[in-house]
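**Q** Structure in structure tokens, see below.
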Amino acid sequence: MAEVIQNVQNSAFAKAKSSASQVSLEPNEKALVIGADTVVVCGKAVLGKPSSKAEAKEILSGLAGRWHHVVTGVAIQALPDGEFIKSCAVTAVKFRASLEQEIEVYTETGHPLDKAGAYGIQELGSLLVEKIDGCYFNVVGLPLTVLNALSADFGFNLFSLRD
């Protein structure tokens, strides 16, 4: 799991760095650029986004009745100085068993094709899930408590966005 965590953190940083290179700031202006990447780990398999409906069905069938882990790396790069920090969240998710019919219907929606592990817990894919242990927002794709903690390291608190 340590290698998976390192890989998603590095991928998140690469995304933040790429986006940061496109930001132009006014003099004395500062910004935080966020990058995130999510994978699903089931046993020794690391599951990204499926490339087809057939692959999505295969992934979802393999998750049926099993626990798996959703791993999201988050990186923030401060501008203009370029300083960065990264972290990750891991959430355990268990799918319901005997999902053949549901998987068929869900896959036909096309939703699984742009999701790590071929499902989105924030939509119809939630019906496949029996229980979770950890951060729900991590499974959605952005662990907000991790993001807030990293932002606080740069003196920014997400609660300041409340208005």
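The values are calculated or read from the model by the stated rules, or taken from the named source; none is laboratory data. Bear in mind that the values here come from a model prediction, so they are computed numbers and not experimental data. Cβ atoms come from the backbone with ideal geometry, glycine included; neighbour counts cover every protein chain shown. Heads up: the accessible areas ignore ligands, DNA and RNA and are worked out on the full protein's heavy atoms, side chains in. Shrake-Rupley method; radii C 1.70, N 1.55, O 1.52, S 1.80 Å.
**Q** Criterion first (free of Cβ contacts under 8 Å to residues at least 24 places away in the same chain, out of contact with any Lys or Arg (no Cβ under 7 Å at 6 or more places or on another chain), open to solvent by 10 Å² or more (accessible area, probe 1.4 Å) and hydroxyl-bearing (Ser, Thr, Tyr)) does residue 61 satisfy it? Let's see the steps before the verdict.
**A** Values: free of Cβ contacts under 8 Å to residues at least 24 places away in the same chain: no; out of contact with any Lys or Arg (no Cβ under 7 Å at 6 or more places or on another chain): yes; open to solvent by 10 Å² or more (accessible area, probe 1.4 Å): yes; hydroxyl-bearing (Ser, Thr, Tyr): yes.
Spelling it out, it is not the case that residue 61 is free of Cβ contacts under 8 Å to residues at least 24 places away in the same chain, out of contact with any Lys or Arg (no Cβ under 7 Å at 6 or more places or on another chain), open to solvent by 10 Å² or more (accessible area, probe 1.4 Å) and hydroxyl-bearing (Ser, Thr, Tyr).
**Q** Now a separate question. Looking only at residues in region 1-54 that are β-branched (Val, Ile, Thr) and under 24 Å from residue 157 (Cα atoms), which one is most open to solvent (accessible area, probe 1.4 Å)?
**A** So the first thing to find is which residues in region 1-54 are β-branched (Val, Ile, Thr), and the list is 4-5, 8, 23, 33-34, 38-41, 46.
Retained after the next criterion (residues that are under 24 Å from residue 157 (Cα atoms)): 8, 23, 33-34, 38.
Values: 8: 4, 23: 64, 33: 15, 34: 83, 38: 33 Å².
In this case the residue turns out to be 34.
**Q** Among the residues of region 64-76, write down those that are assigned to a strand (DSSP E or B) and open to solvent by 20 Å² or more (accessible area, probe 1.4 Å). Before the answer, list the steps.
**A** Initial filter on region 64-76 (assigned to a strand (DSSP E or B)): 67-76.
67, 69 - these are the residues of region 64-76 that are assigned to a strand (DSSP E or B) and open to solvent by 20 Å² or more (accessible area, probe 1.4 Å).
**Q** Next question. Which of the residues belonging to region 77-96 are farther than 30 Å from residue 31 by Cβ and open to solvent by less than 60 Å² (accessible area, probe 1.4 Å)? Reasoning before the result, please.
**A** Let us first name the residues in region 77-96 that are farther than 30 Å from residue 31 by Cβ, namely 92-96.
Of everything in region 77-96, those that are farther than 30 Å from residue 31 by Cβ and open to solvent by less than 60 Å² (accessible area, probe 1.4 Å) turn out to be 92, 93, 94, 95.
**Q** I'd like the full set of residues that are part of a loop (DSSP other than H, G, I, E, B) and touching a residue at least 60 places away in the same chain (Cβ under 8 Å), limited to region 140-155. Reasoning before the result, please.
**A** So the first thing to find is which residues in region 140-155 are part of a loop (DSSP other than H, G, I, E, B), and the list is 141-143, 154-155.
Listed by number, the residues that qualify are 141, 142, 143, 154.
**Q** Right, another one. Among residues belonging to region 68-95 that are at pLDDT 95 or above and charged (D, E, K, R), point out the one that is nearest to the chain's Cα centre (by Cα).
**A** Out of the qualifying residues, it is 86.
**Q** Look at residue 116 and say whether it is at pLDDT below 95 and more than 12 Å from the chain's Cα centre (by Cα).
**A** Criteria not met by residue 116.
**Q** Continuing with the same structure: Check whether at least one residue in region 103-126 is touching a strand residue (DSSP E or B) at 6+ places or on another chain (Cβ under 6 Å), in a helix (DSSP H, G or I), open to solvent by less than 20 Å² (accessible area, probe 1.4 Å) and farther than 18 Å from residue 142 by Cα, and report yes or no.
**A** no
**Q** Give me a count of the residues in region 103-138 that are in contact (Cβ under 8 Å) with a residue 40 or more places away in the chain and β-branched (Val, Ile, Thr). Please lay out each step first, then the result.
**A** So in region 103-138, the residues in contact (Cβ under 8 Å) with a residue 40 or more places away in the chain come out as 103-104, 106-108, 110, 112-119, 128, 132-136, 138.
Then keep just the ones that are β-branched (Val, Ile, Thr); that gives 103, 107, 132.
Residues flagged as in contact (Cβ under 8 Å) with a residue 40 or more places away in the chain and β-branched (Val, Ile, Thr) within region 103-138 amount to 3.
**Q** For residue 137, state whether it is on the phi < 0 side of the Ramachandran plot and in a loop (DSSP other than H, G, I, E, B).
**A** Values: on the phi < 0 side of the Ramachandran plot: yes; in a loop (DSSP other than H, G, I, E, B): no.
For residue 137, the condition - on the phi < 0 side of the Ramachandran plot and in a loop (DSSP other than H, G, I, E, B) - is not met.
**Q** Just give me the residues in region 137-163 being touching a helix residue (DSSP H, G or I) at 6+ places or on another chain (Cβ under 6 Å), among the aliphatic types (A, V, I, L, M) and open to solvent by 70 Å² or more (accessible area, probe 1.4 Å), in sequence order.
**A** Scanning region 137-163 gives a single hit, 144.
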